[in-house]
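The values are calculated or read from the model by the stated rules, or taken from the named source; none is laboratory data. Values in this document were obtained by computation on a predicted structure and should not be read as measured data. Glycine also receives a Cβ, built like all others from the backbone with ideal geometry; neighbour counts cover every protein chain displayed. Only protein heavy atoms, including side chains, enter the accessible area calculation; ligands, DNA and RNA are left aside. Shrake-Rupley method; radii C 1.70, N 1.55, O 1.52, S 1.80 Å.
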Amino acid sequence: MSYAWITTLALHLLPILMIWRTWESDWNAALEKIVRVQIIGSLVYIVVYPIVDVLTWPDFHMGYISIDTVVSMWYGEGIWNFYKILTAAVLTAVCAAVRRKVKPQ
């Protein structure tokens, strides 16, 4: 069973968590924090997702985890993994828009 979906779920829960954490903040400060955390989360996801995916291989051993493995996960057919980052960015924009609409400053 692949646990890579947990990293994807965490990436998509970041905007919701940040909306909750910045609810009482000024809109401009909140937006800056939300976007900053999502960018950092996306960069971490680019590194962590391939490592978690490699850990689920049936013949896994520590030699498989290298910078080459991380990079190779993101080109070729792995380019489709960027859609997960794109959907997280869209979710961030939607969450920010909802927060602005519900709690204007």
Computed, not fitted: 222 nm per-residue ellipticity of the chain from DSSP H runs ≥ 4 (each -39500 (n - 2.57)), nearest 500, equal to -24000 deg cm²/dmol
FRET E, pair TRP20, HIS61, Förster distance 35 Å, beta-carbon r, rounded to 0.05: 0.30
In Å², rounded to a whole number, the accessible area per residue of the chain with probe 1.4 Å is 66 Å²
Portion, in percent, of the accessible area of the chain that falls on carbon or sulfur, probe 1.4 Å: 71 percent
Given the C-alpha centroids of region 73-104 and region 33-54, what is the distance between them in whole angstrom? 12 Å
Length gained if LYS101 through ILE40 is fully extended, taking 0.36 nm per residue and subtracting the Cα-Cα distance, is 19.4 nm
In region 1-99, which GluC sites (Glu not before Pro) fall in coil by DSSP and have 12 or fewer other Cβ atoms within 10 Å? GLU24
Expressed as a whole percent, how much of the Cα-Cα distance distribution for the chain exceeds 17 Å? 56 percent
